[in-house]
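What follows is a short report on a single structure.
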Amino acid sequence: MQVKKGIAGGLIALLLFTMPGMNGTIAADQEERDYSWQSAPFRLAQAVSATNLAAKAQAANLLTNGSFEANTGTTGIANGWTNIYTTAQTVSSSVTSGQKAQRLTASKIGKGYYVGMSQRVKIDGGKPYVANANVNITKLEKADVYLYMDFLNSAGEWVGNSSTSYSSPTGGKYVTLTANGTLPAKAAFAEVYIMVKGNADLGSVDLLVDQMNLRYDWDANLLTNPGFESFTSPTGVADGWSKIVSGDKPAIQVVAQSAEEGTRAHRISDANLYKDGMSGIYQNVKMNGNATYNLSALFNATSLKKAKVQLYIDFLNSKHEYIGNQSTDSTVLQPNLSMSLNGKTPANTAYAVVYILVRSTEAGGSGAFTVDMANLSYTATPNKLTNPSFEIAGSQSQLAAGWRKEGKGISLATAPVSAGGKAQKISGTLSSGERAYIYQSVKVKAGDPYFASANVYVESLKNAQVRYQIIFFDAANQVVLSNSFANKDVSKKYQQMYFDKYVVPDKAVRANVIIMLEPTAAQGSGTVYIDDVRFQ
């Protein structure tokens, strides 16, 4: 890429198994109503058992001073950053992380030229990455704002780049910009920019930037701070998020309980809400038009009276006009219930507002819940499950976040995998009636068609089988239907097992998606790996 920088003057450049004649896959063809093995209840833990240091190390920010808290110089630019032809100032108002944000202003930006700030960091080539920045653009004329990265080899030579941009003022709001992908194999350094590039002569800008992140991560999440781990604000709200309240007893705060990944979750409660009144948190996120997306989060509702928990998304154009929305809600007091939305953004979408709410259904409503692992991503294959490829380690030892386990011999593995870098492993010897399984609870709607699949690598089985089961529950937590089928074949490779053209039964409000190892005789044993589980 040619270098042009400055003002008118000069960037580096489904459980699977083989059956004869079935092409390596088999679909469920039966319904089972034998619930005798369910004597081990489907309990979901509600407290953090341990800090997962490995997960936190993986998500560490590679940028120095990414929230611009340190500024010991006299140039106005925060420590660790290089100013590129702007008037820079660290400010203590209009922040979204910590106590300070970085302000950048410039005028007379030439067409094709850029100004801004940058930081060079050492990186490991070949790893997946996610970069975020929160920008609040007050003024933008004849220019575009970019979160931009150049990737360089050890000799400083350009080997690739990545970027995302925003092209209008944000109306006094912070909007999250996200870029993600896989670092080039030969990359040794990343030059990370907040860049303002002129699209005509005499461009100008006035913007704030806060909470910039570059981290190794398989999860291509458009949200910043989706697990609420970063918490520096005195308001009680996680960094990158804002709150909305309409009752008279709001309590919106980051807590060290009910965390699915890391050590924190977000608690939201309020009382005496007016009808349709709502309290909760939200985040503005830059999104593309005509893009298929999936939004999900884990909800742990502990109290709901004349109220419901709600996951909601608004779409707005560049003039901040409402152009569409989508929502889902639940009144079930079910710990760690995965709720999701999917669809296509309107054609002229500039950004979206993601809300996590308690909403009153009648006057005087109240509710309390915790939420964790919010995720918004572009995908052509929507999924109601959270962390379906087990990439995010959970607070329970050897179990992926968002999932639960019963029995012994359950662990996370890095090989073999069919998607990403991790799989869930079940291995061991089981006596008659004993089972080892993983499961996740998801919100469903009666009458909806569904497709469910899982990839499973069966390494060994002796007097044992792998069962894939979906159990549906009504609002009173009573079983209304169970669909399942079993695999006794040793594949020694990943293959898919699936439920296709099924319909959610009447009265069902949630389902447990389960994959288990179970004996078929007095004593059985086996080793299986599970990856890329789907329910859609």
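Of all beta bridges that DSSP places with both ends in the chain, some 95 percent have antiparallel geometry.
Within the accessible surface of the chain, defined with a 1.4 Å probe on protein heavy atoms only, the carbon and sulfur portion equals 47 percent.
Orientation-averaged projection of segment 82-180 equals 7.3 nm² [convex hull of Cα atoms, one quarter of hull surface area]. Highest mean packing first, where packing is the average number of other Cβ atoms within 10 Å per residue, the peptides 65-73, 168-176, 332-340 line up as 332-340, 168-176, 65-73.
Computed as a quarter of the hull surface, the mean projected area of the alpha carbon convex hull for segment 285-345 stands at 4.8 nm². The protection proxy used here, the mean number of other Cβ atoms lying within 10 Å of each residue, ranks peptides 247-255, 453-461, 345-353 as follows, highest first: 453-461, 345-353, 247-255. In this calculation the C-beta distance from N348 to D276 is compared with R0 = 25 Å, giving a FRET efficiency of 0.35. Measuring from centroid to centroid over Cα atoms, what is the spacing of segment 435-452 and segment 493-532 in Å? Centre-to-centre distance over Cα atoms comes out at 10 Å. Between segment 175-246 and segment 364-432, how many Å separate their Cα centres? Cα centroid of segment 175-246 versus Cα centroid of segment 364-432: 26 Å apart. Among 190-197, 78-85, the peptide with the highest mean count of other Cβ atoms within 10 Å heads the list, and the full ranking is 190-197, 78-85. In order along segment 236-249, the phi-based Karplus estimate (6.51 cos²θ - 1.76 cosθ + 1.60, θ = phi - 60°) of 3J(HN,Hα) comes to x, 8, 4, 4, x, 10, 10, 10, 9, 9, 9, x, 9, 9 Hz; Gly and Pro are listed as x.
Across segment 340-356, rounded Karplus estimates of 3J(HN,Hα) from the backbone phi angles (6.51 cos²θ - 1.76 cosθ + 1.60, θ = phi - 60°) give 8, 9, 8, x, 10, 5, x, 4, 9, 5, 9, 7, 10, 10, 9, 10, 10 Hz, Gly and Pro being marked x.
Each residue of segment 136-153 is assigned a 3J(HN,Hα), and the resulting list reads 10, 9, 7, 9, 8, 10, 6, 7, 10, 9, 10, 8, 10, 9, 9, 10, 10, 7 Hz, derived from the Karplus form 6.51 cos²θ - 1.76 cosθ + 1.60 (θ = phi - 60°), x at Gly and Pro. Residues whose amide H comes within less than 5 Å of that of I281, counting only those at least five positions distant or on another chain, are I244, I356 (H built at 1.01 Å from N in the peptide plane). The residues of segment 431-526 have, on average, 38 Å² of accessible surface per residue, using a 1.4 Å probe with all protein chains present.
Taking N as the residue count of the chain, its C-alpha radius of gyration divided by 2.2 N^0.38 Å amounts to 1.03. Amide H to amide H distances under 5 Å link K108 with G203, where only residues 5 or more positions off or on other chains count and H is placed in the peptide plane. Basic side chains Lys and Arg get +1 at the Cβ, acidic Asp and Glu get -1 at the Cβ, and with that the dipole of the chain about its Cα centre reaches some 420 debye. Distant-in-sequence amide contacts of V159, defined by a placed amide H-H separation under 5 Å and a gap of 5 or more residues or a different chain, comprise F151, L152, N153. When you restrict to C-alpha pairs under 8 Å that are six or more residues apart and normalise by the size of segment 425-494, the relative contact order lands at 31 percent. Each Cα pair under 8 Å and six or more residues apart adds its sequence gap; the mean of these over the residue count of segment 111-245 is a relative contact order of 37 percent. Under 1.5 on a/c is rounded, so check that first for segment 125-266, then, if it is not, pick prolate when a/b is larger than b/c and oblate when it is not; a ≥ b ≥ c are the square roots of the alpha carbon gyration tensor eigenvalues. Verdict is oblate for segment 125-266. Within segment 396-491, the trypsin sites (Lys or Arg not before Pro) that combine a DSSP coil assignment with at most 11 other C-beta atoms in a 10 angstrom radius are K445. Normalise the Debye intensity by I(0) for segment 368-412, one equal point scatterer per Cα, no solvent, then take log10 at q = 0.13, 0.16, 0.20, 0.21 Å⁻¹ and round to two decimals. Calculated log10 I(q)/I(0) at the listed q: -0.37, -0.53, -0.76, -0.81.
The values are calculated or read from the model by the stated rules, or taken from the named source; none is laboratory data. As the structure is a computational prediction, the values presented were derived from the model and not from experiment. Methodologically, a virtual Cβ is constructed for each residue, glycine included, from the backbone with ideal geometry; neighbour enumeration extends over all protein chains shown. These area figures cover heavy atoms from the full protein model, side chains too; ligands, DNA and RNA do not enter into them. Shrake-Rupley method; radii C 1.70, N 1.55, O 1.52, S 1.80 Å.
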